[in-house]
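One structure below.
What follows draws every value from the coordinates through simple rules; no lab data is involved. The shown structure was predicted, so the numbers you read here are calculated from the model rather than taken from an experiment. Ideal geometry is used to build each Cβ from the backbone, glycine not excepted, and the neighbour counts take in all protein chains shown.
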Amino acid sequence: MTLLIDPPNAPGHGRMWSHLASDESFEELHRFARGLGIPERGFDRDHYDIPAERYDSVVAAGAVPVSSRDLITRLRAAGLRRRKSEVLGTGRPGRALVRPEPLRPGARVAVVATSGPVPESRLAVGLDVLRSWDLDVQVAGHVLDAGHPYLAASDEHRVRDFTAAWLDDSVAAVVCARGGYGAQRIVDLLDWDRLARARSKLLVGFSDITALLQAFAARLGLATVHGPVVTSLGSGDEESREHLRRTLFEPARSLVLTPEPLVVLVPGTAEGVLVGGNLAVLASGAGTSRVMPAAGSIAVLEDIGEEPYKLDRVLTQLLRSGWFDGVRAVVVGQLTDCGPEETVRAVLVDRLGGLGVPLVMGAPFGHEDRNLALPLGVPARLDETIRLRLMG
């Protein structure tokens, strides 16, 4: 392998930058960068942007100094030069993300298990719901694997199923079978370069799937759907099923995300793209390279089974990590089995009231029968009627 670095001659953000590349493979380039502690957010299509002050240390670690022209020539010769049009861009906080095409009758959707074990009876009911929407449903090979106490299948098999579904150009949407735990384990095992080159499609899930929704926003700049998983389609209410169907097939009809006014903790209105998901999963991913922060956005949050002091802990972790920096509003959904409402409300005000932005709670999404789908990465407005609406 030859790692290449050109002189720090590219200006930007008041600094000068070099470009670090490999003429062998992106995998080797990422491994080299990780070994030097270079954050993956510095990767841009086919190279890493390196600040001038790190140039000498990168050369000392084994990168070969070349001219900028030579670097580009060798990338092209190796077939590793990539134009902007060839890949999805990384998502930038606060910007609207690429929204995949809506589904049409007869569209093929793949059901994959990225997290916990999938109850067969609940899966069957949910599959019937999807088929009733005139969808061609394909179930991945390892959705009903057994043998692990808290994972649907091995990491290898879950990665294999997800990758096969995403790379299949005949698939228009990937819907997760259930949450639980396990998505965090496969995020760094996915080949993001291959996923980026595939046809954009809808990704649906919530709870533990937050890890994937965050990664797709941060790594691919792709909007996703925070909504019911397959095993909850049968137990959820009819409004939740219909709202998800409209979000997938007729997104223009799903403009109102919170039909009833929300509970105001800190008043105000705000506009921004939607970002967030499950609080505990967001906190566990804080500080990793595949996280979309809330800057310039409206944060939407939900959780289940977290006692008030645990809510305090995960909110504090997100605050300390900077995830909330620059947020424009916080919309809290269902905090199911998280303690008395008055206590939960006090925790939210204590931890988030100081952000100086609108703070509301009681939105109908989360771990209850009513779980209305939210398109993450899409612009929305918290308006004067205390409702959350999409902006067209």
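Rounded to two decimals, what ratio of Rg to Rh does the chain give with C-alpha atoms and a Kirkwood Rh?
0.99
Sorted on the mean count of surrounding Cβ atoms within 10 Å across their residues, most packed first, peptides 316-322, 18-24 read 18-24, 316-322.
Cα centroid separation, the range 175-205 to the range 279-308: 17 Å.
With a cut-off of 8 Å between alpha carbons and a minimum separation of six or more residues, what is the relative contact order of the chain in percent? Display every interim value, and only then the final one.
Details: 875 pairs, mean separation 61.7, N = 392.
Relative CO of the chain lands at 16 percent.
Were the residues from Ser132 through Ala146 laid out at 0.36 nm apart, the gain over their Cα-Cα distance would be 2.2 nm. Give the shape of the range 93-133 as rounded, prolate or oblate, defined through the alpha-carbon gyration tensor: a ≥ b ≥ c are the square roots of its eigenvalues, a/c under 1.5 means rounded, and otherwise the shape is prolate if a/b is larger than b/c and oblate if not. In terms of gyration-tensor shape, oblate. Simple point charges give the picture: +1 on the Cβ of Lys and Arg, -1 on the Cβ of Asp and Glu, and for the range 1-68 a dipole about the Cα centre of about 240 debye.
Just the number, please: percent antiparallel of the DSSP beta bridges in the chain, rounded to the nearest 5. Show your work: numbers first, answer last.
Working: 26 of 58 bridges.
Counting only bridges with both partners in the chain, antiparallel ones make up about 45 percent.
Direction-averaged projected area, Cα convex hull, the range 228-314: 8.0 nm², rounded to one decimal.
For the chain, the residue among Gly62, Ala217, Leu274 whose Cα projects farthest onto the positive side of the dipole built from Cβ charges is Gly62.
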